[in-house]
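Reviewing the structure listed below.
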Ligand code: GDP
Ligand code: IMO
Ligand code: MG
């Protein structure tokens with residue numbers, strides 16, 4: 001049986017949620033394996049829009065098991081706010097359909113405080129984070145002082161661990177001239193939410209291994225994207241987790257051999273939220289036009305996304321570093337009506353031509369895109385569900401992208417709606 005990992009191929013917001021929802025009809029279990037509620041995945045089903053941050057994008061379909069793996073950092077208050085919000089939209093989440101890794105790390109209120117204090121401080125690099133405490137929570141995990149979901153079963157242990165964790169964070173807050181946080185601000189809140197969280201916990205790795213053994217289909221849902229990966233992205237302007245396919249294994253407790261197909265989600269142009277280098281960024285009316293037509297505003301923070309032409313160098317790099325087998329190309333419809341379209345095929349730096357993004361931040365900021373220009377199309381691709389409905393110039397654009405990124409297109413998305421997809425190659429049937 002085939003299992004599929006869906007990951008972002010650019011700087012996030014490529015349309016992973018829509019594609020995971022679409023693919024979930026072919027799978028039994030949907031698993032989140034990294035990130036946290038910094039993610040914002042949008043689904044549009046029968047005219048209703050669902051915005052998910054921590055819940056796997058299979059939850060709306062019903063009849064599927066959703067899993068939050070050990071690689072995710074969980075803010076329990078955000079989780080239940082999301083569960084309550086989606087209940088108001090008619091989707092009921094119970095421990096029967098959602099299972100959470102008992103060994104997942106918790107995001108505490110202190111993490112958001114530290115995240116935002118660091119971002120506001122002049123002496124530290126401003127990343128433009130979502131302010132959700134993602135970085136500080138992962139730092140605590142690696143530093144071995146985090147509170148894990150399973151710890152909530154023992155109130156004494158929670159209190160002792162919070163004290164130890166605050167020793168570290170309060171030293172930092174003092175240094176940043178910020179008020180300290182006391183255990184009293186955290187422990188009662190944790191103990192109050194524990195009875196609601198504990199019924200969802202289990203060793204999910206056992207369930208996933210058993211499901212895999214029985215031939216069930218597992219769909220892994222990545223958050224963020226390759227260029228936000230803490231190793232391979234535009235460091236330090238990245239998120240604090242690995243976003244590639246390897247993390248689907250580590251972040252869920254299945255071996256890497258269980259992931260048979262890696263579907264990279266890629267927009268037909270490029271966007272980025274937050275700070276950091278962006279070689280093909282368009283700070284002109286063309287960028288404004290793409291942003292307006294594509295509704296490029298952040299799902300989580302509402303921030304305006306920066307927009308630019310398709311960067312084939314970056315996506316080719318993502319294909320290699322993330323192990324992508326095929327692409328789901330989204331938002332092709334946003335490019336309808338442009339007279340011409342540009343694709344970045346290389347970078348120029350100090351008289352040299354590069355076919356990859358160098359690691360040094362200062363160089364990443366200085367590379368100049370080399371463009372190839374293709375004719376646009378005046379007909380519409382919006383809502384197309386077959387190749388034959390696409391204008392010839394749009395097909396040419398897609399085929400040229402495939403060549404340049406050295407990877408085939410498996411799916412094409414032509415609107416925010418669930419059913420507006422062109423299936424070229426089924427990832428579950430490689
Ligand atoms: P994710 O974080 O990768 O799940 O992506 P987001 O949900 O943050 O952002 C993608 C946005 O584009 C959402 O508003 C989707 O509804 C929308 N979207 C997804 N696919 C398409 C598409 O093919 N065309 C258009 N026009 N919008 C799309
Ligand atoms: P989805 O899953 C786009 C960006 C932030 C910031 C950087 C670090 O919806 O694609 P963090 O709060 O993670 O420490 O912020 O990463 N970022 C995203 N950008 N989509 C996302 O998720 C993102 N999650 C984080 O804007 O630049
Ligand atoms: Mg998003």
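Of everything in the stretch 410-430 that's assigned to a strand (DSSP E or B), surrounded by 19 or more Cβ atoms within 10 Å (Cβ to Cβ) and in contact (Cβ under 8 Å) with a residue 40 or more places away in the chain, which residue is farthest from ligand 1 (Cβ to nearest atom)?
If we take residues in the stretch 410-430 being assigned to a strand (DSSP E or B), surrounded by 19 or more Cβ atoms within 10 Å (Cβ to Cβ) and in contact (Cβ under 8 Å) with a residue 40 or more places away in the chain, then 410 is farthest from ligand 1 (Cβ to nearest atom).
This table checks each residue for (1) touching a strand residue (DSSP E or B) at 6+ places or on another chain (Cβ under 9 Å); (2) within 16 Å of ligand 3 (Cβ to nearest atom); (3) without any contact (Cβ under 8 Å) to a residue 40 or more places away in the chain.
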| site | (1), (2), (3) |
| --- | --- |
| 10 | yes, yes, no |
| 20 | yes, yes, no |
| 26 | yes, no, no |
| 34 | yes, yes, no |
| 37 | yes, yes, no |
| 52 | yes, yes, yes |
| 63 | no, no, yes |
| 106 | yes, no, no |
message: For the stretch 120-137, check the following and say yes or no: at least one residue is closer than 20 Å to residue 191 by Cβ, without any contact (Cβ under 8 Å) to a residue 24 or more places away in the chain and surrounded by fewer than 20 Cβ atoms within 10 Å (Cβ to Cβ).
response: no
Residue identified as in a loop (DSSP other than H, G, I, E, B), over 26 Å from residue 213 (Cβ atoms), away from ligand 1 (no atom under 12 Å from the Cβ) and not assigned by TED's automatic domain parsing to the domain that holds residue 304 among 79, 54: 54
- line: Here the qualifying pairs (Cβ atoms under 7 Å; residues six or more apart or on different chains; first in the stretch 311-327 and at pLDDT 95 or above; second surrounded by fewer than 24 Cβ atoms within 10 Å (Cβ to Cβ) and part of a helix (DSSP H, G or I)) come out as 312/401; 312/404; 316/404
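Would you be able to tell me the number of residues in the stretch 388-407 that are within 28 Å of the chain's Cα centre (by Cα) and surrounded by 14 or more Cβ atoms within 10 Å (Cβ to Cβ)? Before the answer, list the steps.
Initially, the stretch 388-407 is screened for residues within 28 Å of the chain's Cα centre (by Cα), giving 394-395, 397-407.
From what is left, the residues that are surrounded by 14 or more Cβ atoms within 10 Å (Cβ to Cβ) are 394-395, 397-398, 400-402, 404-405, 407.
Residues that pass the stated criteria total 10.
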query: Does any residue of the stretch 244-251 turn out to be in a helix (DSSP H, G or I), within 16 Å of ligand 1 (Cβ to nearest atom), surrounded by 19 or more Cβ atoms within 10 Å (Cβ to Cβ) and modelled with pLDDT under 95?
result: no
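Just to verify a result, which residue in the stretch 94-119, among those that are closer than 23 Å to residue 63 by Cβ and surrounded by 15 or more Cβ atoms within 10 Å (Cβ to Cβ), is farthest from the chain's Cα centre (by Cα)?
To start, the set of residues in the stretch 94-119 that are closer than 23 Å to residue 63 by Cβ comprises 94-101.
From what is left, the residues that are surrounded by 15 or more Cβ atoms within 10 Å (Cβ to Cβ) are 97-101.
Working: 97: 22, 98: 19, 99: 20, 100: 18, 101: 19 Å.
Within the stretch 94-119, the match that is farthest from the chain's Cα centre (by Cα) is 97.
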query: Where in the stretch 310-387 are there strands (runs of 3 or more DSSP E), lying fully within it, with 3 or more residues that are surrounded by 14 or more Cβ atoms within 10 Å (Cβ to Cβ)?
result: 326-330, 340-349, 368-375
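Determine, yes or no, whether residue 313 is away from ligand 1 (no atom under 14 Å from the Cβ) and in contact with a strand residue (DSSP E or B) (Cβ under 9 Å, 6 or more places away or on another chain). I'd like the intermediate steps shown before the answer.
Working: away from ligand 1 (no atom under 14 Å from the Cβ): yes; in contact with a strand residue (DSSP E or B) (Cβ under 9 Å, 6 or more places away or on another chain): yes.
Yes, satisfied.
Limited to the stretch 202-222, what total is found for residues that are surrounded by fewer than 24 Cβ atoms within 10 Å (Cβ to Cβ) and assigned to a strand (DSSP E or B)? Show your work before the answer.
Going residue by residue through the stretch 202-222, those that are surrounded by fewer than 24 Cβ atoms within 10 Å (Cβ to Cβ) are 202-203, 205-207, 209-217.
Filter once more, so that each one left must be assigned to a strand (DSSP E or B): 202.
Qualifying residue count, the stretch 202-222: 1.
Search the stretch 293-309 for residues being in contact with a strand residue (DSSP E or B) (Cβ under 9 Å, 6 or more places away or on another chain) and not in a loop (DSSP other than H, G, I, E, B), and hand back the single one that is nearest to ligand 3 (Cβ to nearest atom). Lay out the reasoning, then the answer.
Looking only at the stretch 293-309, we keep the residues that are in contact with a strand residue (DSSP E or B) (Cβ under 9 Å, 6 or more places away or on another chain), and these are 294, 296-300, 303-309.
Going one step further and asking which of them are not in a loop (DSSP other than H, G, I, E, B), we end up with 297, 304, 306-308.
Numbers: 297: 11, 304: 14, 306: 14, 307: 15, 308: 17 Å.
So, considering only residues that are in contact with a strand residue (DSSP E or B) (Cβ under 9 Å, 6 or more places away or on another chain) and not in a loop (DSSP other than H, G, I, E, B), the one nearest to ligand 3 (Cβ to nearest atom) is 297.
So if I check each of 91, 72, which one is crowded, with 24+ Cβ neighbours inside 10 Å, modelled with pLDDT of 95 or more and out of contact with any helix residue (DSSP H, G or I) (no Cβ under 8 Å at 6 or more places or on another chain)?
Numbers: 91 fails: crowded, with 24+ Cβ neighbours inside 10 Å.
Exactly one of 91, 72 is crowded, with 24+ Cβ neighbours inside 10 Å, modelled with pLDDT of 95 or more and out of contact with any helix residue (DSSP H, G or I) (no Cβ under 8 Å at 6 or more places or on another chain), namely 72.
In this structure, does residue 63 turn out to be over 20 Å from the mean Cα position of the chain (by Cα), surrounded by fewer than 21 Cβ atoms within 10 Å (Cβ to Cβ) and at pLDDT 95 or above?
Working: over 20 Å from the mean Cα position of the chain (by Cα): yes; surrounded by fewer than 21 Cβ atoms within 10 Å (Cβ to Cβ): yes; at pLDDT 95 or above: no.
No: the conditions fail for residue 63.
Residue-by-condition table, conditions (1) assigned by TED's automatic domain parsing to the domain that holds residue 408; (2) in contact with a strand residue (DSSP E or B) (Cβ under 7 Å, 6 or more places away or on another chain):
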residue	(1), (2)
212	no, yes
216	no, yes
222	no, yes
233	no, no
244	no, yes
252	no, yes
257	no, no
274	yes, no
279	yes, yes
task: Determine which member of the set 405, 370, 395 is touching a strand residue (DSSP E or B) at 6+ places or on another chain (Cβ under 8 Å), at pLDDT 95 or above, assigned by TED's automatic domain parsing to the domain that holds residue 299 and under 15 Å from residue 268 (Cβ atoms).
output: 405
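Answer yes or no as to whether residue 43 is touching a helix residue (DSSP H, G or I) at 6+ places or on another chain (Cβ under 6 Å), within 13 Å of ligand 3 (Cβ to nearest atom), modelled with pLDDT of 95 or more and not in a loop (DSSP other than H, G, I, E, B).
Working: touching a helix residue (DSSP H, G or I) at 6+ places or on another chain (Cβ under 6 Å): yes; within 13 Å of ligand 3 (Cβ to nearest atom): yes; modelled with pLDDT of 95 or more: yes; not in a loop (DSSP other than H, G, I, E, B): yes.
Spelling it out, residue 43 is indeed touching a helix residue (DSSP H, G or I) at 6+ places or on another chain (Cβ under 6 Å), within 13 Å of ligand 3 (Cβ to nearest atom), modelled with pLDDT of 95 or more and not in a loop (DSSP other than H, G, I, E, B).
Those residues that are part of a loop (DSSP other than H, G, I, E, B) and within 30 Å of residue 120 (Cβ to Cβ), I need them from the stretch 252-281; list them, please. Give the steps one after another, and end with the answer.
Taking the stretch 252-281 first, the residues part of a loop (DSSP other than H, G, I, E, B) are 252-255, 259-260, 268-269, 273-280.
Across the stretch 252-281, the qualifying residues are 273, 274, 275, 276, 277, 278, 279, 280.
The values are calculated or read from the model by the stated rules, or taken from the named source; none is laboratory data. A quick note: this is a predicted structure, and the numbers were derived from the prediction, not measured. Neighbour counts are summed over all protein chains in view; Cβ atoms, including those assigned to glycine, are modelled from backbone coordinates with ideal geometry.
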